[in-house]
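Trainee: Sending over a structure as structure tokens; questions will come in a sec.
The values are calculated or read from the model by the stated rules, or taken from the named source; none is laboratory data. Quick caveat: nothing in here was measured; it's all calculated off a predicted structure. Please note: Cβ atoms are built from the backbone with ideal geometry, for glycine as well, and neighbour counts cover all protein chains shown. Heads up: the accessible areas ignore ligands, DNA and RNA and are worked out on the full protein's heavy atoms, side chains in. Shrake-Rupley method; radii C 1.70, N 1.55, O 1.52, S 1.80 Å.
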Amino acid sequence: MNHDQYSDAYIKGILDEVKTVAMVGASANNVRPSYFVLKYLLAKGYDVWPINPGIAGKEILGQTVYAALDDLSEIPDMVDIFRNSDAAGAIVDDILKSGRLPKAIWMQLTVRNDEAAKKAEDAGIKVVMDRCPKIEYGRLSGEIGWAGVNSRTLSAKRPTLKSGFQHRGLKPGGKS
């Protein structure tokens with residue numbers, strides 16, 4: 001797969017299919033990107049399991065923090081990696097060795113490891129690198145355009161707004 005660019009259908013397919021996310025490198029510091037991505041994904045209805053050995057057993061946004069992926073009772077649909085590119089390679093190797101394979105591995109902005117991506121894809125796992133699921137969700141749902149950001153998506157269809165926190169799901173009639 002060409003990891004220099006992804007089709008909207010590929011990204012949307014992952015975000016639609018995924019229900020549970022293990023976030024490796026989650027932080028309890030509310031100014032860290034992993035914190036607000038975790039908060040955003042929770043608000044969109046995903047179950048997010050923070051992974052951080054330094055604060056295992058504590059909570060972030062009401063979610064119990066785990067020391068390692070192997071500590072999870074279930075296999076997550078997606079592993080979101082908030083670590084550097086070298087660490088991402090080791091994380092992918094550990095996932096493959098464990099046999100507990102997620103549907104997708106997502107490496108955050110600036111995180112890219114082509115060797116790890118190939119290994120994961122050879123095992124049947126979808127891979128996204130150097131992207132943020134929060135940004136991609138907002139772009140594909142049209143939500144990011146509310147702030148005046150160019151989403152690269154044109155539509156004459158007006159977003160359906162609901163009472164309370166404004167958000168739209170990617171699936172018509174789905175959980176939003």
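Trainee: Scan the stretch 1-18 for residues that are assigned to a loop (DSSP other than H, G, I, E, B), open to solvent by 40 Å² or more (accessible area, probe 1.4 Å) and touching an Asp or Glu at 6+ places or on another chain (Cβ under 8 Å) and report the count.
Mentor: Matching residues across the stretch 1-18 total 1.
Trainee: Any idea which of (1) open to solvent by less than 50 Å² (accessible area, probe 1.4 Å); (2) at negative phi is the one G142 doesn't satisfy?
Mentor: Exception for G142: condition (2).
Table: residues versus (1) part of a helix (DSSP H, G or I); (2) open to solvent by 50 Å² or more (accessible area, probe 1.4 Å); (3) more than 14 Å from G25 (Cα to Cα); (4) without any contact (Cβ under 8 Å) to a residue 12 or more places away in the chain.
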residue	(1), (2), (3), (4)
A88	yes, no, no, no
I95	yes, no, yes, no
L101	no, yes, yes, no
I105	no, no, no, no
A116	yes, no, yes, no
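Trainee: Restricted to the stretch 72-86, and to residues that are open to solvent by less than 80 Å² (accessible area, probe 1.4 Å) and outside any loop (DSSP other than H, G, I, E, B), which residue is farthest from Y35 (Cα to Cα)?
Mentor: Per the criteria, the residue is S85.
Trainee: Just need a number here: residues in the stretch 19-63 that are outside any loop (DSSP other than H, G, I, E, B) and either aliphatic (A, V, I, L, M) or within 15 Å of the chain's Cα centre (by Cα) (or both).
Mentor: Residues flagged as outside any loop (DSSP other than H, G, I, E, B) and either aliphatic (A, V, I, L, M) or within 15 Å of the chain's Cα centre (by Cα) (or both) within the stretch 19-63 amount to 23.
Trainee: Ok, one more. What are the pairs with Cβ atoms under 9 angstrom where one residue, in the stretch 26-47, is in contact (Cβ under 8 Å) with a residue 24 or more places away in the chain and within 13 Å of Q108 (Cβ to Cβ) and the other, located anywhere, is small (G, A, S) and open to solvent by 40 Å² or more (accessible area, probe 1.4 Å)? Sequence gap at least six, or different chains.
Mentor: Listed by first residue and then by second, the contacts come to Y35/A28.
Trainee: Kindly evaluate N52 against the criterion of being at pLDDT below 95 and either open to solvent by 20 Å² or more (accessible area, probe 1.4 Å) or in contact with a helix residue (DSSP H, G or I) (Cβ under 6 Å, 6 or more places away or on another chain) (or both).
Mentor: no
Trainee: Just need a number here: residues in the stretch 19-45 that are open to solvent by 20 Å² or more (accessible area, probe 1.4 Å) and in contact with a strand residue (DSSP E or B) (Cβ under 8 Å, 6 or more places away or on another chain).
Mentor: 6
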